1. Contact order normalised by length for the chain, with contacts defined as Cα pairs under 8 Å and 6 or more residues apart; what percent is it?
2. Hand me the GluC sites (Glu not before Pro) from region 135-236 located in a DSSP loop with no more than 15 other Cβ atoms within 10 Å, in residue order please.
3. For Glu164 and Gln119, FRET efficiency with R0 = 56 Å and r from the beta-carbon atoms, rounded to 0.05?
4. At q = 0.16 Å⁻¹, what log₁₀ I(q)/I(0) does region 140-273 have when each alpha carbon counts as one equal point scatterer in the Debye sum?
5. Only helical DSSP H runs with n ≥ 4 go in: add -39500 (n - 2.57) per run for the chain, normalise by residue count and round the 222 nm mean residue ellipticity to 500 deg cm²/dmol.
6. Take the Cα atoms of the chain, build their convex hull, and give its volume per residue in Å³.
7. Once you place label points 7 Å from the Cα toward the Cβ at Ile273 and Ser7, how far apart are they in nm?
8. Using θ = phi - 60° and the Karplus form 6.51 cos²θ - 1.76 cosθ + 1.60, what ³J(HN,Hα) does each residue of region 161-173 get, whole Hz, x for Gly and Pro?
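The values are calculated or read from the model by the stated rules, or taken from the named source; none is laboratory data. Predicted model, so just to flag it, every value in this text is computed and none were measured. Cβ coordinates were reconstructed from backbone atoms using ideal geometry, including for glycine residues, and neighbour counts include every protein chain displayed. These accessible areas exclude ligands, DNA and RNA; they are computed on the full protein's heavy atoms, side chains included. Shrake-Rupley method; radii C 1.70, N 1.55, O 1.52, S 1.80 Å.
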Amino acid sequence: MTWPELSIEDFPPRRDDEPSSLRQDIIDELSDHFVCALNRELLKNPNEKIARQHVLNQFGDPIKVARQLWLEAMKEKVMSQRILVGISAVMAVCCIAVVGIAWSMMQESRAFNLQMLEQFKLAQERSAEESSGDLHAIQFKLVQEGSEDQLAVGFQGKLTKYEEHNPMFALEVVSDKTGLLDFGKLPWGRYELELQAPWSEKMETLSLITIPGRSYEKTIICPAEAPEKVDVQFQVDWQNVPMDEDYLLLLDFRSRLYTPELGAGDTFDLRTIKKIQNRLWTIQHDLKQGHVYLIDVEQNRAASCPLTIDGNIQNIDVQKLTWQPTVEILEGQYNTPTIYLIEKNKLNQLADLNSTESIMVARFADNKLAFLGISIPGPGLIVDPFHYLEIDPVLVADKTPSQLKTIHGFWAKSSAGTYRASKQQPNVWKINIPDLFPITRESGSLSSDR
């Protein structure tokens with residue numbers, strides 16, 4: 001439906017001497033002015049009802065304005081007829097007067113129309129100036145964690161404007177020496193802020209909504225410095241270590257990179273998090289630095305596991321390992337690692353793990369034992385890659401022997417725990433290994449509840 005709703009019937013009764021297109025011309029021109037004014041108001045206030053009222057407050061009732069324009073356009077003809085009737089007897093005397101009066105009235109009508117158009121123009125300019133007032137400042141004050149007097153300088157921010165789920169535009173700014181991340185004046189609406197430290201640590205995306213007529217300012221507490229390496233000691237609790245074999249533990253804190261398009265791939269990923277001001281900050285680790293460790297359970301010592309440049313595990317000569325009571329690990333919060341149970345005489349076969357993307361494991365769920373395939377490495381897995389795990393026959397009465405000869409590991413709950421490395425605390429990481437020789441209801445319960 002068009003607005004305003006004007007029709008030819010809203011005018012006074014039609015006159016014989018009225019131009020046939022006069023009424024429609026007035027309706028078209030007046031409707032165009034009102035629609036333009038309404039569109040400008042909608043930019044300031046999306047409520048159409050309120051916007052229409054603002055336009056009516058500015059210009060008045062459209063029907064009354066239309067009638068006034070019609071009357072001004074017809075005024076010359078009406079007055080001319082009355083004068084001609086009055087001076088019909090003295091036509092010769094009054095001809096000059098009639099011409100003068102007609103010219104005067106024409107100029108008056110023209111002046112009135114020009115005045116009306118000027119008023120519309122001024123209203124348009126005023127609305128445009130008011131519309132420019134919809135741009136308001138968006139800025140963030142960045143301070144350092146632990147001392148809000150210290151400013152966070154050099155942090156890169158990316159602010160993206162969204163309409164529904166579609167990005168409209170994005171701006172990138174770096175915090176200056178005053179810790180200010182200033183994006184200038186922008187339209188109101190929904191935005192998302194991505195913030196990254198100079199050492200590539202990233203804050204989780206911050207969503208914000210600005211409103212008309214008000215600037216947006218927020219203080220964000222940022223990490224004070226890049227994470228440092230700290231000493232970590234592994235403390236293994238494995239009460240039922242098989243006595244007939246000499247086992248080591250291989251701890252892999254990485255996970256296999258997964259994308260919806262490509263699925264699980266040959267690349268690995270490791271990210272650690274920390275919480276500041278109830279917001280998570282994440283740093284992606286350089287996998288060339290390892291994050292895979294061998295643990296000597298008997299002597300409670302550790303060694304970094306050598307990797308290829310692509311992050312693949314290499315075969316190991318145990319005599320060349322450098323054992324230490326602790327290892328250096330970058331500060332942060334780590335997920336539960338994948339735990340491989342490795343016999344020492346199998347270290348020369350470790351490279352076989354690189355060609356294994358998934359493995360069949362057992363898991364207790366709803367007090368029942370279930371089998372499933374899981375990508376490795378994966379948090380919470382306990383894997384014996386070179387042996388099939390033995391399972392208590394009571395738990396697998398409905399399984400065939402061929403099905404059991406695929407199980408290489410056990411999956412504990414994904415919430416089994418996280419490990420935190422920090423300069424502010426002793427870093428003793430406890431690794432609990434249930435009795436998996438064989439898997440029983442008791443060992444499965446212990447593993448899933450730890």
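1. Numbers: 776 pairs, mean separation 50.6, N = 450.
Across the chain, relative contact order equals 11 percent.
2. On the way: sites: Glu145, Glu148, Glu163, Glu164, Glu172, Glu192, Glu194, Glu201, Glu204, Glu217, Glu225, Glu228; in loops: Glu145, Glu164, Glu201, Glu225, Glu228.
Those that pass, being in a loop and sparsely packed, are Glu164, Glu225, Glu228.
3. Efficiency computed from Cβ-Cβ geometry: 0.90.
4. Once normalised to I(0) and log-transformed, intensities are -0.97.
5. Working: 6 runs with 115 residues, N = 450.
Dividing the helical sum by the residues of the chain leaves -8500 deg cm²/dmol.
6. Details: hull volume 106.6 nm³, N = 450.
Measuring per residue, one finds 237 Å³ for the Cα hull of the chain.
7. 6.3
8. These are the phi-based 3J(HN,Hα) values: 8, 10, 10, 6, 9, 9, x, 9, 7, 9, 10, 10, 9 Hz.
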